[in-house]
Each structure stands twice: as structure tokens, then as C-alpha cells.
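Notes to accompany the following structure.
The values are calculated or read from the model by the stated rules, or taken from the named source; none is laboratory data. It should be emphasised that the depicted structure is a prediction, and the values quoted were computed from it without experimental measurement. Heads up, the Cβs are rebuilt from the backbone with ideal geometry, glycines too, and the neighbour counts pull from every protein chain shown.
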Amino acid sequence: MTNEQRLTGLKRFMTLIPHCKMLNMQVEAVSETDLVLSLEGDQRFVGNARDQLIHGGLLTVLMDTACGSAAILALPEPEVCPTVDLRMDHYRAASAGQRLFCRARVTHLARQIVFTEGWIWQQQEDHPVAKGTGTFMRLGPERTPKGFAQHLFGTGGAA
């Protein structure tokens, strides 16, 4: 699969997940090794009104979605991969009014589990807000809805 097919498929995937659609989550970049998703850290997500800081739950949603998307794209054929575990280390607060970005990649692909990591930042990628690691269970072709790859990627789906 080309990077253009990955990008198109991932953009389509974002429109199929209700919370991604509601949050207006965007696909910024996709390569063979990683991807970047983003969303606006607007007033709806302020958890600390006095200091105008974003609630950590929004960071968790962004990390989970980015790492899960990386897991799906790393497989020979896309399959459903629910989250088994997601761990977040918060380095600093995220400020309202600034876009949030998350770069995610697969660190290890096993027979039944996909291991991932991601970083969230706002203005500078080398100044992260949080780091996360996620594990995702491979459900396999027998438990993935028929046509999943075709629906997302418009092809057989092979990465």
C-alpha cells in the first residue's frame, strides 16, 4: 500500500469513529513507519478554567486513536485491534487555544498483540506534553468484519 492509500484510508477511518468525527480529529501525515493525528485544543476541553489548561482525557483519546491507527496500518491486512492497555506519562499541561498533535508508531508486531508508542505536543514536537505506550489485540481476519480493508482503503488493504 502506498502512503497516499494509507493517508486516504486513515482519513476515511476518522470519519467512521464517532468520537473522532465529533472532535474533528485530523490526519496530518502518514508514512511507512508512523503517523500524525491532531485536534484543536479549544474551550470545550478545558479542565482547568483558571489556567486555561486542557483536560487530560482529551490527550488520552488522541493517544489511543493515534496508537490504534498505527497498529491497524502496520498489519499485513487491516483488522480490528481493540485497546488492551494504554499508559500515559504527562510531562506538562496542554494549553487551550493551541492545536494538539500526536505522532504514533508500532514498536513491535507480535502474532496476537501490537505494541505502540506515541508523543503528544503542541507547538514544538521536541517539547512533548505527554508520552504514551499502547498495546492492541489483533482480532484476526475471522473476527474482523468482511470488507473492512476494502471499506477503508478501497483495495485489498495490504499494507
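From the residues in the stretch 3-32 that are of a type in the set (Asp, Glu) and in contact with a strand residue (DSSP E or B) (Cβ under 9 Å, 6 or more places away or on another chain), which one is farthest from LEU75 (Cα to Cα)? Before you say what the answer is, go through the steps one by one.
First pass over the stretch 3-32, keeping only residues of a type in the set (Asp, Glu): 4, 28, 32.
So of that shortlist, the ones also in contact with a strand residue (DSSP E or B) (Cβ under 9 Å, 6 or more places away or on another chain) come out as 4, 28.
Numbers: GLU4: 17, GLU28: 21 Å.
That would be GLU28.
Based on this model, can you work out whether ARG105 counts as modelled with pLDDT of 90 or more, among the basic types (Lys, Arg) and over 13 Å from the mean Cα position of the chain (by Cα)?
Answer is no for this residue.
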Could you please find all residues in the stretch 25-61 being assigned to a strand (DSSP E or B) and within 15 Å of VAL114 (Cβ to Cβ)? LEU35
Selection count, the stretch 62-97, where residues are within 15 Å of GLY118 (Cα to Cα) and surrounded by fewer than 20 Cβ atoms within 10 Å (Cβ to Cβ): 8
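Taking the conditions exactly as written (within 11 Å of the chain's Cα centre (by Cα) and outside any strand (DSSP E or B)), does ALA70 satisfy them or not? Write out each step before concluding.
Details: within 11 Å of the chain's Cα centre (by Cα): yes; outside any strand (DSSP E or B): yes.
Against the criterion (within 11 Å of the chain's Cα centre (by Cα) and outside any strand (DSSP E or B)), ALA70 qualifies.
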So THR15 passes all but one of these: (1) in a loop (DSSP other than H, G, I, E, B); (2) free of Cβ contacts under 8 Å to residues at least 12 places away in the same chain; (3) among the hydroxyl-bearing types (Ser, Thr, Tyr). Which condition number does it fail? (1)
